[in-house]
Amino acid sequence: MESYKVYVEVTVKFSTDGVMMPVEFIWEDGTKYIIDKVKSKERCASRKARGTGIMYTVLVDGKECHLYYEFDKWFMERKSA
C-alpha cells in the first residue's frame, strides 16, 4: 500500500522568540482538528510520501500523527486505497 501527500491548511502560533508551532489543521474533507500537544519537532524526510522538511509529531484526540512543514506548505501522509 502506497502513501502520498495530503496538503492541509494549518493554523500556527509564533512564540515571542519566533518559534512556529501548529495548533490546528483542516483535513481534505474539511474536518478541523485541534492539536492537543506537539510532542516533538525534527528535520526529517517522509519516506512514505516522499518529502522533506520539519516533521511535527502531534497528538490529536489522543492519537499520534505526523505533520510535515515543507518549505511553504504543510502535508500529512495518507495511504492509498
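The values are calculated or read from the model by the stated rules, or taken from the named source; none is laboratory data. Here the structure is a predicted model, which is why all the values come from computation and not from measurement. Heads up, the Cβs are rebuilt from the backbone with ideal geometry, glycines too, and the neighbour counts pull from every protein chain shown. SASA here: full protein model, heavy atoms, side chains in, ligands and nucleic acids out. Shrake-Rupley method; radii C 1.70, N 1.55, O 1.52, S 1.80 Å.
Which of the residues spanning region 60-75 are touching an Asp or Glu at 6+ places or on another chain (Cβ under 9 Å) and not β-branched (Val, Ile, Thr)?
Step one: of region 60-75, the residues touching an Asp or Glu at 6+ places or on another chain (Cβ under 9 Å) are 60-62, 65-66, 68, 74.
Listed by number, the residues that qualify are Asp61, Gly62, Cys65, His66, Tyr68, Trp74.
Just for region 14-28: of the residues that are over 18 Å from Asp72 (Cβ atoms) and not polar (S, T, N, Q), which one is most open to solvent (accessible area, probe 1.4 Å)?
Here is the first cut: in region 14-28, the ones over 18 Å from Asp72 (Cβ atoms) are 15-17, 23-24, 27-28.
Remaining after also requiring not polar (S, T, N, Q): 17, 23-24, 27-28.
Values: Asp17: 123, Val23: 51, Glu24: 39, Trp27: 56, Glu28: 101 Å².
Top of the filtered list is Asp17.
So that you can scan it fast, the table gives a plain yes or no per residue for (1) of a type in the set (Gly, Ala, Ser); (2) modelled with pLDDT under 95:
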| residue | (1), (2) |
| --- | --- |
| Thr11 | no, no |
| Phe14 | no, no |
| Met20 | no, yes |
| Phe25 | no, no |
| Glu28 | no, yes |
| Thr31 | no, no |
| Ala49 | yes, yes |
| Ile54 | no, yes |
| Leu59 | no, no |
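Are any residues in region 1-32 among the hydrophobic types (A, V, I, L, M, F, W, C) and part of a strand (DSSP E or B), and if so, which ones?
Here is the first cut: in region 1-32, the residues among the hydrophobic types (A, V, I, L, M, F, W, C) are 1, 6, 8, 10, 12, 14, 19-21, 23, 25-27.
Val6, Val10, Val12, Phe14, Met20, Met21, Val23, Phe25, Ile26, listed by residue number.
Look through region 33-47, keep the residues that are part of a loop (DSSP other than H, G, I, E, B) and closer than 12 Å to Leu59 by Cα, and return whichever of them is most open to solvent (accessible area, probe 1.4 Å). Give the derivation first.
Within region 33-47, the subset part of a loop (DSSP other than H, G, I, E, B) is 35-36, 47.
The next check asks that each one be closer than 12 Å to Leu59 by Cα; those that pass are 35-36.
Details: Ile35: 18, Asp36: 96 Å².
This residue is Asp36.
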